[in-house]
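K.L.:
Right, I'll just put the structure down here and ask away after.
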Amino acid sequence: MKIRIIGAGPAGLYFASLMKRKNPDHDIVVYERGYRDATWGFGVVFSDRALDFLKADDEEMFELLRPEMEAWKDLTIAVNDQKFPISGNGFTSCGRLEMLTVLYDHVEKLGVEIKFETEITSLDQVGEADLIVAANGAFSWVRDENQDKFKTSINWRPNRFIWYGTSKAFDTLTLTFRETDKGVFCAHHYRYTPNMSTFLVEVEEDTWNRAGFEDMSPEDTIRYCEEVFANDLDGHPILSNNSYWRQFPEIWNDQWHFDNVVLIGDALRTAHFSIGSGTRLGMEDAIALARGLSEKNNDVQAGLQRFRELREPPMRKIFDAANVSLRWYEEMDDLMKKMEPIEFCYSYMTRTGRVDHAEVRRRDPKLAEAYEKLHPEVLASSE
Ligand SMILES: Cc1cc2nc3c(=O)[nH]c(=O)nc-3n(C[C@H](O)[C@H](O)[C@H](O)COP(=O)(O)OP(=O)(O)OC[C@H]3O[C@@H](n4cnc5c(N)ncnc54)[C@H](O)[C@@H]3O)c2cc1C
């Protein structure tokens, strides 16, 4: 097959790797507008469950990525200066650039050509192909220019977030919530190399307006965030990498392909970073697309149909959970005001509805016990 892939993110690269492994004769080119060693952001985090899929499906890739990974068993929720370690939530993280570099080297060894610094602006530019895969991220023009065909819906969420890094190496994945006179600031932070951490700051829209971020320079924005999180950063600086305030687009498409053009990864659907699953979902799309094609002997139309049948049910569950999770952050100011810190931690743990009291008990008996003291009624309902 002649396969052209737009976008060398995790979804596009992983699809290239799977197809080439199935059949070395496939002619596969990946187009990437960025430089080989340039990427946005710092580290990405996977929940334990998020990595299980890779271990089960592709042990070789799992082993290639493993040396790049930092792993820890617990997470910490910090409510101002009070820290609550929560056990039973395993996480793994790695630098986005490190992960992509492993994937670049791997697919090139398999014989896939990656054309860096090549921006694709029209489908004609990739020439004749059996299959064109649009894996060009949340802001995919392939999707936007064909919204009527893909039946796209984009729901811009009101919270603002900015993806920073810091040289402070945190011990666990931590969510720090700090009350300020402008509102609550939340930092999602975790180590992804022995001496670097991601430090993503999120605020509600009103907080963002009250703090005056719209008119603030990038340097002053960093200084502002460093002051808010001074007790957490221990004198380490916040580092920028093209970091700017954004809103999260909740994206869904009712059609996944037209003709021989298919969407995968963030171009197909987004999943809020708070559930640590965007990269995993993109790679799982790749697995399902490769499987769908293979089951239909590379008949493109039948394969694309099968891709959707295989992929939609499990993906929909995570998409829905991610959307519930992001709405929890949109209420964090109110939740902090009306809840005791223990209730707040419990609310965080159970926010997507996928973790019930029995599961909290299994993961962290101490948290469950502390919550039962405040809410004995949960005992009756969980018996
Ligand atoms: C702030 C933030 C934090 C996140 N944190 C996490 C996390 O902790 N864990 C996690 O798993 N996920 C996280 N994600 C999500 C994760 O980054 C994405 O879900 C994942 O990268 C999607 O992979 P993808 O391959 O679909 O797209 P992308 O990774 O976005 O890759 C798309 C590629 O296409 C290229 N491209 C775009 N347009 C063109 C064009 N016209 N021509 C050529 N190339 C093009 C881009 O340069 C890019 O390299 C986060 C996302 C954000 C925004």
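The values are calculated or read from the model by the stated rules, or taken from the named source; none is laboratory data. Worth saying up front: this structure is predicted, and the values here are computed from it rather than measured. Backbone-built Cβ (ideal geometry, glycine too); neighbour counts: all protein chains shown.
K.L.:
Within region 156-203, which strands (runs of 3 or more DSSP E) (wholly inside it) include 1 or more residues that are at pLDDT 95 or above and over 20 Å from the mean Cα position of the chain (by Cα)?
P.N.:
It comes to 173-180, 183-193.
K.L.:
Now for a different question. Any idea which residue in region 1-39 is farthest from GLY292 (Cα to Cα), counting only those that are in a helix (DSSP H, G or I) and within 6 Å of the ligand (Cβ to nearest atom)?
P.N.:
PRO10
K.L.:
For region 213-234, enumerate the residues that are hydrophobic (A, V, I, L, M, F, W, C) and within 13 Å of THR176 (Cβ to Cβ).
P.N.:
Within region 213-234, CYS225, VAL228, PHE229, ALA230, LEU233 qualify.
K.L.:
With respect to GLU284, determine if the residue is within 27 Å of LEU200 (Cα to Cα), out of contact with any Leu (no Cβ under 6 Å at 6 or more places or on another chain), buried (at least 23 other Cβ atoms within 10 Å of the Cβ) and of a type in the set (Asp, Glu).
P.N.:
yes
K.L.:
For the condition at pLDDT 90 or above, more than 15 Å from the chain's Cα centre (by Cα) and buried (at least 19 other Cβ atoms within 10 Å of the Cβ), what is the one hit in LEU65, LEU54, LEU100, LEU18?
P.N.:
LEU18
K.L.:
Taking the conditions exactly as written (touching a Leu at 6+ places or on another chain (Cβ under 6 Å) and modelled with pLDDT of 95 or more), does GLY303 satisfy them or not?
P.N.:
yes
K.L.:
Out of all the residues in region 153-169, which are away from the ligand (no atom under 13 Å from the Cβ) and either without any contact (Cβ under 8 Å) to a residue 24 or more places away in the chain or crowded, with 20+ Cβ neighbours inside 10 Å (or both)?
P.N.:
Of everything in region 153-169, just one residue is away from the ligand (no atom under 13 Å from the Cβ) and either without any contact (Cβ under 8 Å) to a residue 24 or more places away in the chain or crowded, with 20+ Cβ neighbours inside 10 Å (or both), namely THR166.
K.L.:
Could you tell me whether ARG269 is crowded, with 23+ Cβ neighbours inside 10 Å and over 26 Å from LYS83 (Cβ atoms)?
P.N.:
yes
K.L.:
Among the residues that make up region 126-141, is at least one of them in contact with a Lys or Arg (Cβ under 6 Å, 6 or more places away or on another chain), of a type in the set (A, V, I, L, M, F, W, C), over 30 Å from LEU326 (Cβ atoms) and within 11 Å of the ligand (Cβ to nearest atom)?
P.N.:
yes
K.L.:
Return the residues of region 88-112 that are charged (D, E, K, R) and either within 30 Å of ASP171 (Cβ to Cβ) or within 14 Å of the ligand (Cβ to nearest atom) (or both); say none if nothing qualifies.
P.N.:
Listed by number, the residues that qualify are ARG96, GLU98.
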